[in-house]
1. So how much accessible area does Val57 have, in Å² to the nearest 10, using a 1.4 Å probe?
2. Can you give the accessible area of Arg70, probe radius 1.4 Å, in Å² rounded to 10?
3. Principal axis extents for the stretch 1-114, Cα atoms only, whole Å, descending order, please.
4. Using a 1.4 Å probe and ignoring any ligands, DNA or RNA, find the accessible area of Asp47 and quote it in Å² to the nearest 10.
Amino acid sequence: MVACELEQKDANAFPGVTLFTKRQAPGMKPTAVYLPPKHPTAATKFDVVIWLHGFYVKNHEFLFQNDPARLREQVRDSGKDVVLIAPFLGYEYAVGNTFAGNYSVSDLATANWGERYLEEILGALAGSWVSPRRPFLSSRSASSSSHATPAVVTACAISSGASESIRGS
């Protein structure tokens, strides 16, 4: 079985650590992950914000690099120790009076999707990615008992103008 693997891009472009799936297990969504500078170690319990995006998102890197809601900035500026995880749900765009594309949330309705998804992503964080400069994550096995379990999981659907949810949490 192919395990999820994350890679950091543009290491010095934004404070904290921004990761993107380099490889994902079958059935997994390409994903962007952001750990703010405040996040100390993998042994620390942390909250997870899962960002379920809307239309007009071209790919999983676009989620953080071209995001008009500036979600990474909001997480960083909130001062809260949360890990932002954003699965790519597809690209939908307007064509005249209709929409075209491959945006879909149907996977989210399948049995245990959230648990399976988080297990893959948290396993990749804990077991596959080690920062040589900062101890964000320790090198450990990716089994369910070995990585930090999120204290709270919050799912939010963000649409234009509704990006106040993190600051108000």
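The values are calculated or read from the model by the stated rules, or taken from the named source; none is laboratory data. Just so you know, these numbers come straight off a predicted model, no measurement behind them. What goes into the accessible areas is simple: the full protein's heavy atoms, side chains included, and nothing from ligands, DNA or RNA. Shrake-Rupley method; radii C 1.70, N 1.55, O 1.52, S 1.80 Å.
1. Only protein atoms counted, so the area is about 10 Å².
2. Answer for Arg70: close to 130 Å² accessible.
3. 46, 35, 23
4. Counting only protein heavy atoms, Asp47 exposes about 60 Å² to solvent.
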